[in-house]
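Working notes for the structure below.
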Amino acid sequence: MDIFLGIVVGLIVLMILVIVHEFGHFIASRKNGVNVLEFGIGFPPRAVAWIKDPKTHKWRRLKKSEWGANNVAKTVGMEKSSQKSEKSGKNTKNLTKNAENQTTLLSVKNRDKIIQDGLIFSINWLPIGGFCQMDGESAEDERKGTFGNASFWKKTKILFAGVAMNWLTAFIILTVLAWTGMPTFLDGQFTIEADTRVEQTPVKVASVHENSPAEAAGFQAGDYILKVNDEDVHYGTDIIEINEKNAGEEVVYKVLRKGEEGCNCDQNLDLTATLNSADAEYLLGVAMESSASLSYSSWSAPIVGAGLTLQITGETFKGLGQLVWNLITGVGRQFSPDDSVRESGREAIETVGDSVTGPVGILGVLFPSFVSTGPANVAFIAALISISLACMNVLPIPALDGGRWVLIGIYKLRHKKLTKETEEKIVTRAFMVLLALIAIVTILDITRFFR
């Protein structure tokens, strides 16, 4: 049930983050004079669609018969022809003839007129994000109102608007968390100490092994471990370290045992356990749940949100750089005649595989584990993914926003025209490489999932 719930929550979060990214492109396109043909939630096949008349600003639902590009064009043409017909008194035959002359939504002759007749908003069946279809997305398209006709500065704003929206989303999420309770996941996580209050949830015992030192000492599932040998403990690792130092010896645990709700009968207990020896399967014999540390801010919450967004962005780029370095050096070492060098190269390549997580890992492992720990952790991981989307789209990969910008910029600096054929060829090849990488990462995720 936790896995199913995690997958559902993960799909919703990922879809919202992609829609936010595409909405950034939509807003920037409209603000910079580029017509948008369609804004869609999800991917086709289409479930329902509406079209907006820019003159009346009224929406009307598109019939299924109008969903195709040709049908939309004919519908628009018929409406226009109908108006002319009424004025000139022409018969229905002329109306039909005029409607048939409207060929396709994307035809050069009729596109400008059709675009003026409305923006399509659609909801589609595949819940894997969304899209913003601009008019004339090829750089060589020079018609008025197309992306290709926009200046380089306007193209820059449109291409990076999605990235900006992802960073803005992360900033908003992290600011709200700073007010309501920010989980601690990073070493040296950004805070304003003068305006930070930290609340630590004690380590909780999830289960107790049979015939273990813990069972003999009286531990029960649900107990909270507060101290070990009078040392404060905040994380399960703290308890493990102390246990390892005292293997085979008696250790005293200060435990909080909560009573039933409303009975006001919580107990503070001192439980003494004689640990197993260091070579045993376990020392104490308990499984522990992850503890949580929440920090709260007031006036500094927006500063914390901005600072943490920058910190995570820096860590993301640092991680990407390390990943690429490990991959390059790992592959390079495979050509060495030295066995130890080749082995170190294989280890470097393995770290790359272990560091990368794809859709299966995010939906099947990451979200189920975070959903069970509460909404604050889910919100935090959503902010992390939003920042990751922003960072990935900044990279100079032709199939992504940053890559398209670099490609357009190179041809502009060379004072050469970027033809549609060249652009499609470069972007398509880069996209195929990305799909191959996603397939490899997905296979790695599946193998890790079933280990």
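FYI, it's all coordinate maths here, none of it is from the lab. Since the model is a prediction, treat every value here as computed from it, not as a measurement. Positions of Cβ are backbone-derived with ideal geometry, glycine not excepted, and every protein chain shown enters the neighbour counts.
Each Lys and Arg Cβ is given +1 and each Asp and Glu Cβ -1; about its Cα centre, region 112-244 then shows a dipole of about 1020 debye.
Remark: Glu250, Glu423, Glu140, Glu210 ranked as Glu210, Glu250, Glu140, Glu423, counting other beta-carbon atoms within 10 Å and listing the fewest first.
At a Förster distance of 41 Å, what's the computed FRET efficiency of Met432 paired with Thr184, Cβ-Cβ distance as r, to 0.05?
Details: r = 41 Å, r/R0 = 0.99.
Taking R0 as 41 Å, the efficiency between Met432 and Thr184 is 0.50.
If we count every other residue with Cβ under 14 angstrom of Ala217's Cβ, Lys/Arg +1 and Asp/Glu -1, where does the sum land?
Details: positive: Lys254, Arg257; negative: Glu210, Glu215, Asp223, Glu249, Glu250, Asp270.
So the surrounding residues net to -4.
When Glu66, Glu343 are arranged by Cβ crowding within 10 Å, least crowded first, meaning fewest neighbours, the order is Glu343, Glu66. Rounded to the nearest 20, the size of the Cβ-charge dipole of region 202-291 about its Cα centre is 180 debye, with Lys and Arg at +1 and Asp and Glu at -1.
Local charge sum around Ala161 (other residues, Cβ-Cβ under 15 Å, Lys/Arg +1, Asp/Glu -1)? After counting each charged neighbour, the total is +3.
Rounding to the nearest 20 debye, state how big the charge dipole of region 247-297 is about its Cα centre with +1 on each Lys and Arg Cβ and -1 on each Asp and Glu Cβ. Please list the in-between numbers first.
Values: 3 positive and 9 negative charges, 38 e Å.
For region 247-297, the charge dipole is close to 180 debye.
Which of the residue pairs Lys154/Lys416; Lys318/Lys417; Lys58/Lys155; Lys157/Lys420 have a Cα-Cα distance greater than 24 Å in the structure shown?
Values: Lys154/Lys416 19 Å; Lys318/Lys417 35 Å; Lys58/Lys155 29 Å; Lys157/Lys420 21 Å.
Flagged as over cut-off: Lys318/Lys417; Lys58/Lys155.
Taking other residues whose beta carbon is less than 12 angstrom from the beta carbon of Ile408, and scoring Lys, Arg as +1 and Asp, Glu as -1, yields +3. From least to most packed, judged by other beta carbons within 10 angstrom and beginning with the fewest, Phe335, Phe160, Phe317 follow the order Phe335, Phe317, Phe160.
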